[in-house]
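K.L.:
Below is the structure I would like to discuss, written out as C-alpha cells.
The values are calculated or read from the model by the stated rules, or taken from the named source; none is laboratory data. The structure presented is a predicted model; accordingly, all values stated were derived computationally and were not measured. Cβ: placed from backbone, ideal geometry, glycine included. Neighbour counts: every protein chain shown.
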Amino acid sequence: MLRGSKVGRRFNVWPPNNPRAVIRLGLGVLVAANLAAAYFIVRPIGGSAQELAQQALEMHSQIRQQQGVLDRTRVLVSKIESGRGEGERFMRSFFLPRRPAYSIIVGELNDLASQAKITPRDSAWALEPVEGSDTLDMLQISANFEGTYPDLIHFINLLDKSNRLLIIESLNATPQQSGGRLNVMLKLDTFVQEDGSAQ
C-alpha cells in the first residue's frame, strides 16, 4: 500500500509542487507562443507583403488585359452591327421583290429608252437560284431595242447611272439595211429576293 501511494505521488505531476517547474512550464509556453508569433510575422496568413503586392500587380495586369479584350470585342460587335445594317440597307435598295421584279425592270428600261429616244421591242426573262441562298434569285432579262448609235450610247450611259443594280451581261448591235439605225439585243442580270420591298 505504501509503495503504491509513493508511485501514485511520483507520477502525479499536476499541480506541481515545485515553483521552478511552474516557471519552466510558463517559459516553455511563452517560447512556443513567441515562436508561433514569429512564424506568422515571417510567413503571414495569405502571404507576405511582397507576395501580396506581386499578386495585386498580376491581378491588375490581368484586369487590363481583360479590359482590352472587352474593348476590342465591343468594337468588333459595333462593326458587325454596322455591317449588318449596311447590308440590310443595300438589300432593300438594290434587291427587288421577286413578284414585281420583271415589271419594275422592264418599266425602268422603257423609261430609259424613252429618254434616250430608242424604241423598245420584245423582251423575255428567266429566274435562276443563287447558290447558297434560299431567298435570293438572279433575274436574267433579254430585251431588244432599236435606235441610232448616239442614242444607244446615251441609253447605255443612262443605264449605267440607274439606281437599280443592273449588270449588263452582253450587248449585240446589228445595223439595219437602211436609215442608220441599229437593232440592239441586251442581256441584263439583277437580283431579287423573296421578301424584299422596292425602293
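K.L.:
I'm checking my understanding of the structure. Among residues of the range 176-194 that are within 38 Å of the chain's Cα centre (by Cα) and of a type in the set (S, T, N, Q), which one is modelled with the highest pLDDT?
P.N.:
Residues of the range 176-194 that are within 38 Å of the chain's Cα centre (by Cα), as a first pass: 187-194.
Filter once more, so that each one left must be of a type in the set (S, T, N, Q): 190, 193.
Values: Thr190: 87, Gln193: 83.
In this case the residue turns out to be Thr190.
K.L.:
May I pose another question? Just checking: which of the helices (runs of 4 or more DSSP H) contained wholly in the range 1-120 hold 1 or more residues that are at pLDDT below 80? It would help to see each step written out before you state the result.
P.N.:
Numbers: elements: 2-11, 19-42, 49-94, 101-116.
The helices (runs of 4 or more DSSP H) meeting that bar are 2-11, 19-42, 49-94.
K.L.:
Residue by residue through the range 163-175, note down the ones that are modelled with pLDDT under 85 and not aliphatic (A, V, I, L, M).
P.N.:
Across the range 163-175, the qualifying residues are Asn163, Arg164.
K.L.:
Also, I was wondering about something else. What's the number of the condition Trp125 fails, among (1) more than 22 Å from Gly179 (Cα to Cα); (2) part of a helix (DSSP H, G or I); (3) of a type in the set (Phe, Trp, Tyr)?
P.N.:
Going through the list (1) more than 22 Å from Gly179 (Cα to Cα); (2) part of a helix (DSSP H, G or I); (3) of a type in the set (Phe, Trp, Tyr), Trp125 breaks only (2).
K.L.:
For the range 144-175, which residues satisfy the criterion of being assigned to a strand (DSSP E or B) and within 46 Å of the chain's Cα centre (by Cα)? First the steps, then the outcome.
P.N.:
Initial filter on the range 144-175 (assigned to a strand (DSSP E or B)): 144-148, 167-175.
Scanning the range 144-175 gives Asn144, Ile167, Ile168, Glu169, Ser170, Leu171, Asn172.
K.L.:
Which one of these does Gln177 not meet: (1) touching a strand residue (DSSP E or B) at 6+ places or on another chain (Cβ under 9 Å); (2) more than 23 Å from Glu88 (Cα to Cα)?
P.N.:
Exception for Gln177: condition (1).
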